[in-house]
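Taken together, the values in this text are just the output of simple stated rules run on the coordinates, not laboratory data. Since this is a predicted model, take the numbers as computed values, not measurements. Cβ placement follows ideal geometry from the backbone for every residue including glycine, while neighbour counts extend to all protein chains displayed.
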Amino acid sequence: MPWMDAATLACPRCHEPLLVARSPNAELHGCRLCGGIWLDGSAAQRLTHALEGPELGLVDAAARHASRAANLLEPVHCPVCATPCMRWNAGGGVEVDTCRSHGTWFDASELRRIA
């Protein structure tokens, strides 16, 4: 399942338009530059507990094709409402950025490491 242009959301790290890919279980918004992934709240919860099949391939492709490293020290703002995201430990030493209303940002390879 290929990534498609979706220009509705911008990467909270690079500020470039996010690409979208749909799988049977989720809609993933990925950054072609830093390899990060934005998931809405319900998709983030599902995939952090059971990342497999088509979603795993999409997550790996996003990380593999990243052309720049993200500055992980800069705060992340929600690509939907622009409010600062809260950083929390998602397990395994991985910290992710979450907007309580809209979703979670996973920097390159974080979703795979958590799941």
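With both labels modelled 7 Å from their Cα along Cα-to-Cβ, the residue 101 to residue 23 distance reads 2.8 nm.
Each other residue within a Cβ distance under 11 Å of residue 96 adds +1 if Lys or Arg and -1 if Asp or Glu, for a net charge of -2. Sorting the segments 70-82, 31-43, 13-25 by their mean number of nearby beta carbons within 10 angstrom, highest to lowest, gives 31-43, 13-25, 70-82.
Stretching residue 113 away from residue 82 to a fully extended chain increases their span by 8.5 nm, per 0.36 nm per residue minus the current alpha-carbon distance. What is the distance in Å between the Cα centroid of the stretch 81-115 and that of the stretch 13-37? Here the two parts' Cα centres lie 14 Å apart. Near the amide H of residue 103, within less than 5 Å, lie the amide hydrogens of 41, all on another chain or at least 5 residues away, with H placed in the peptide plane.
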